[in-house]
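Everything on this sheet refers to the single structure shown next.
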Amino acid sequence: MSDLVTQFKNFMANFEKGQLIGVDIGLSSVKVALLSKGKKNKFKLENYASIPLSEAAIIEDEIQKPEEIIGALIQALESAKIKPKICNLGMDGPNTMTKRLQVPDGSKDEVEDNILWESEQYIPFGADESEVDFAILGKLEEDDVVDVVVAAAKISVIETYMEYLREAGLIVKKVDLNVFAINNLFELVVQDELENVSDLGSIIIDFGAQTTTVLVYKDGGPILSKEIPVGGVLVTEEIQRQMGVSYEEAEDLKTSGDENGNLPEEIVAIIQAQIQNQMSELRKVLNFFIAAGSSEQVGFCYVTGGSSRLPGLMSALQDIVGIEPKLLNPFDVIDYDKKVFDSESVDSISATGAVSMGLGLRSAQ
Ligand SMILES: Nc1ncnc2c1ncn2[C@@H]1O[C@H](COP(=O)(O)OP(=O)(O)OP(=O)(O)O)[C@@H](O)[C@H]1O
Ligand SMILES: [Mg+2]
């Protein structure tokens, strides 16, 4: 009983203060962001924590160590002093899918039926076993069709994740896809020039630890989203292998260099090889949008994710996309308290916390 009362109080506290929590369970760490929406609808990052996960906590998108994930969630909430419980959970990986579709227009019910019917063929893990959601982006009057973006996730996987969050004391109000979190954050960051960016199109890339998520945004929403199974952990593993150090030591060497803060030559070579590998994978996915003379070429390129900080990555990316990539900086539009976050943590959160902040933006909807 008292549990219920506490839960109810937390629920109300969440809404009264307009506090929004985004939870991102990444390969390298669990991230929790608490945002608030203040005057003039301006968002503020109130609290944030990222708790590193061990090497084997998640393998090929499967959580191998639920206790570790739950423990990391509890630790994140404690260390960020986050009291409210209602959150938006982000998902990605092979148990999720997104698709931009055009379906015949009609009554509300007809359109919904059309969307569900059309989506089925794109859900590799079975529509019957999936939670399907969609957002209508607009109508193309001349063709009498509705432009939509559809998202689906496997119910059994959602339930497993929700159970872990429940065990950590969180209540999942909404389940979102990480790629939409990036999409929403992107729309917010470029809000002042959204029309132009949307017309010309933009590539947005999240360079994570295990996954590189690619989004092409055009005409009011994502027209392509793709997860490539390459990321920063490949660099860490190669450092581990070549230098005979532990995973943690290899992470340290990669992100902070040796005792003098310099990157040893071997590591620079490993990073360069990995960047080349990533760029050739990206080229395959983006070919259509970056090929010289292609009518689908886009005007902008933004990046986020911890591995976007790999030295040399931005210039290698510029070489393949032919546009100067910019860092998608959440703090261009989201306030934060300088007493809570120092400049170093703000810099790191701006890359690794983008998904959790993007999830937080929508947790009140
Ligand atoms: N300064 C840095 N230089 C190079 N790599 C970095 C730096 N900071 C973080 N990384 C790398 O970024 C990765 C973590 O980034 P991020 O938190 O975005 O990934 P994730 O969300 O855990 O992974 P995924 O999205 O693939 O599940 C790690 O591989 C980490 O080593
Ligand atoms: Mg991530």
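The values are calculated or read from the model by the stated rules, or taken from the named source; none is laboratory data. The structure presented is a predicted model; accordingly, all values stated were derived computationally and were not measured. Cβ atoms come from the backbone with ideal geometry, glycine included; neighbour counts cover every protein chain shown. Calculation scope for accessible area: heavy atoms of the full protein, side chains included, ligands and nucleic acids excluded. Shrake-Rupley method; radii C 1.70, N 1.55, O 1.52, S 1.80 Å.
If you check Lys85 against the conditions, is it open to solvent by 40 Å² or more (accessible area, probe 1.4 Å), farther than 21 Å from Asp144 by Cα and touching a residue at least 40 places away in the same chain (Cβ under 8 Å)? Even if it seems obvious, please write down each step before you answer.
Values: open to solvent by 40 Å² or more (accessible area, probe 1.4 Å): yes; farther than 21 Å from Asp144 by Cα: yes; touching a residue at least 40 places away in the same chain (Cβ under 8 Å): yes.
Answer is yes for this residue.
Name the residue, out of Gln272, Gln240, that is in contact (Cβ under 8 Å) with a residue 24 or more places away in the chain, more than 16 Å from ligand 2 (Cβ to nearest atom) and either open to solvent by 70 Å² or more (accessible area, probe 1.4 Å) or not assigned by TED's automatic domain parsing to the domain that holds Val214 (or both).
Gln272
Out of region 289-317, which residues are in contact (Cβ under 8 Å) with a residue 12 or more places away in the chain and either in a strand (DSSP E or B) or surrounded by fewer than 16 Cβ atoms within 10 Å (Cβ to Cβ) (or both)?
Those that are in contact (Cβ under 8 Å) with a residue 12 or more places away in the chain and either in a strand (DSSP E or B) or surrounded by fewer than 16 Cβ atoms within 10 Å (Cβ to Cβ) (or both): Ala292, Glu296, Gly299, Phe300, Cys301, Tyr302, Val303, Thr304, Pro311, Gly312.
Determine whether Leu4 is more than 29 Å from Gly93 (Cα to Cα) and at pLDDT below 95. Full working, then the answer.
Details: more than 29 Å from Gly93 (Cα to Cα): yes; at pLDDT below 95: yes.
Yes, satisfied.
Just need a number here: residues in region 206-226 that are within 15 Å of ligand 2 (Cβ to nearest atom) and either over 14 Å from Leu27 (Cα atoms) or open to solvent by less than 30 Å² (accessible area, probe 1.4 Å) (or both).
Total satisfying the criteria: 11.
One line per residue, one yes/no per condition, for (1) open to solvent by less than 20 Å² (accessible area, probe 1.4 Å); (2) touching a His at 6+ places or on another chain (Cβ under 9 Å); (3) modelled with pLDDT of 95 or more; (4) not assigned by TED's automatic domain parsing to the domain that holds Leu185:
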| site | (1), (2), (3), (4) |
| --- | --- |
| Gly38 | no, no, no, no |
| Ser50 | no, no, yes, no |
| Val103 | yes, no, yes, yes |
| Gly126 | no, no, no, yes |
